[in-house]
1. For the range 246-349, just run the numbers: alpha carbon Rg, then divide by 2.2 N^0.38 Å, N being how many residues it has.
2. Got a sec? How would Cys12, Cys77 order by Cβ neighbour count within 10 Å, fewest to most?
3. In terms of modelled amide H atoms, which long-range or inter-chain residues lie less than 5 Å from the amide H of Val136?
4. With viscosity set to 1.567 mPa s and temperature to 4 °C, compute the Stokes-Einstein D of the range 111-194, Rh being the Kirkwood radius across alpha carbon pairs; µm²/s, no decimals.
5. Taking a label point 7 Å from the Cα of Lys302 along the Cα→Cβ vector, which residues of the range 315-337 have an amide N closer than 19 Å to it?
6. Please report, in whole Å, how far the alpha carbons of the chain spread along each principal axis, starting with the longest.
7. Which net charge results when you count Lys and Arg as +1 and Asp and Glu as -1 among the other residues whose beta-carbon is under 13 Å from that of Thr380?
8. In whole Å, how far is the Cα centre of the range 178-199 from that of the range 13-30?
Amino acid sequence: MDSLSTANVEFCLDVFKELNNNNVGDNIFFSPLSLLYALSMVLLGARGRSAEQMEKVLHFNHIAEPLKLQFKDSAECSQAGRIHSEFGVLLSQINQPDSNYTLSIANKLYGTQDVAFLQQYLSCSEKLYQARLQAVDFQQSPEETRQTINAWVESKTNGKITNLFGKGTIDPSSVLVLVNAIYFKGQWQSKFQERETIKAPFQLSEGKSVLVDMMYQTGTFNMAFVREPQMQVLELPYADRTLSLVVLLPAGATALDQVEKQLNVKTFYKWTSSSNMMQRDVEVHLPRFKLEIKYELNSLLKSLGMIDVFNQIKADLSGISTAKGLYLSKVVHKSYVDVNEEGTEAATATGDNLVMKRLPIRAQFVANRPFLFFIKHSGTNTILFCGKLASP
């Protein structure tokens with residue numbers, strides 16, 4: 001499982017850097033977990049060079065046991081390789097039915113009905129990924145297909161993600177479309193009181209500022225001070241402490257791009273490690289924000305090295321269908337997040353005070369300038385979401 005969460009962090013930072021280069025100065029928000037999950041579903045049916053490129057981009061090529069991508073004749077899905085079965089375990093750990101947060105991942109492959117899909121692939125994608133490939137008529141009914149897909153996504157994301165595909169975006173020549181949406185809403189372990197929220201300036205990168213709703217609370221949280229590049233790292237747990245929001249906030253004269261330049265798997269683990277974070281009394285000022293961002297990721301994934309699967313001639317998806325000319329037409333990803341005051345009152349857990357390393361002076365954490373944030377699952381160290389708030 002560690003190897004899967006490491007792949008998740010590596011893939012997350014790769015995608016973030018590409019989005020950051022292509023969307024300079026913009027807010028960024030996506031779910032590496034959801035994307036990794038969706039693309040693994042395609043990998044399940046990829047073969048040859050297409051599979052090798054995907055494994056490399058998803059960072060599965062470092063995983064000790066090679067992916068056994070050739071199914072045996074049996075109906076056993078276990079032949080698909082360990083990574084595919086591990087995903088199910090990981091998601092069930094993250095998405096507990098009794099958790100105090102809402103997490104809806106909607107993944108589906110829509111394939112042209114002109115192609116016969118292998119029963120083996122259909123049953124294994126359902127068993128391993130709880131997702132079936134649905135045959136649709138792109139050619140004759142692109143508009144109807146678009147509405148069908150949009151309605152399905154809306155139903156899977158509590159009605160928050162609507163109109164994933166805009167009018168005219170489903171091409172009659174499409175053969176395989178990967179739909180990937182995720183919705184998350186969490187309650188804080190320690191609540192921000194609405195009466196404490198005030199209008200305050202948020203410094204934008206260009207030296208301008210905007211007024212934002214700045215939430216406020218004091219409490220004991222995990223926090224770290226990083227010297228190089230100079231920044232503060234704060235962890236705000238969601239209810240039941242299974243998930244937390246980790247904020248990387250530049251400090252002093254450090255600009256956010258200096259943090260971004262040094263951000264890699266090694267530094268991310270170092271900056272956010274429990275050995276680096278200490279429990280401190282903190283005054284937290286955090287803007288209320290809501291982000292809903294959609295990306296078409298074909299060109300981004302190609303630039304990372306996933307090339308053949310998008311090419312009608314080179315794609316080898318023979319594990320999905322023996323038909324020639326099957327390739328991935330589109331990868332669309334949309335995420336929604338809502339960070340506000342809501343939450344549950346902190347419950348006192350016995351024993352917490354025994355390990356508290358307290359500092360006498362209350363620390364100040366004022367997120368009034370652009371910052372990076374991650375929503376992660378504590379138990380598995382998996383990043384569910386990654387974002388950059390450049391302008392609330």
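1. Details: Rg = 21.4 Å, N = 104, 2.2 N^0.38 = 12.8 Å.
Compactness ratio reported: 1.67.
2. Numbers: Cys12 26, Cys77 19.
Ascending number of Cβ neighbours within 10 Å: Cys77, Cys12.
3. So Val136 has HN proximity to Gly111, Thr112, Gln113.
4. Working: Rh = 14.9 Å.
For these conditions, the coefficient is 87 µm²/s.
5. Only 315-317, 325-333 pass the distance filter.
6. Principal extents (largest minus smallest coordinate, Cα): 68, 42, 38 Å.
7. Details: positive: Lys376; negative: Asp2, Glu86.
Around Thr380, the surrounding residues sum to -1.
8. Cα centroid to Cα centroid, the span is 22 Å.
Where a number appears in this text, it was derived from the coordinates with a stated rule and is not lab data. No experiment lies behind these values; they were computed from the predicted model shown. Heads up, the Cβs are rebuilt from the backbone with ideal geometry, glycines too, and the neighbour counts pull from every protein chain shown.
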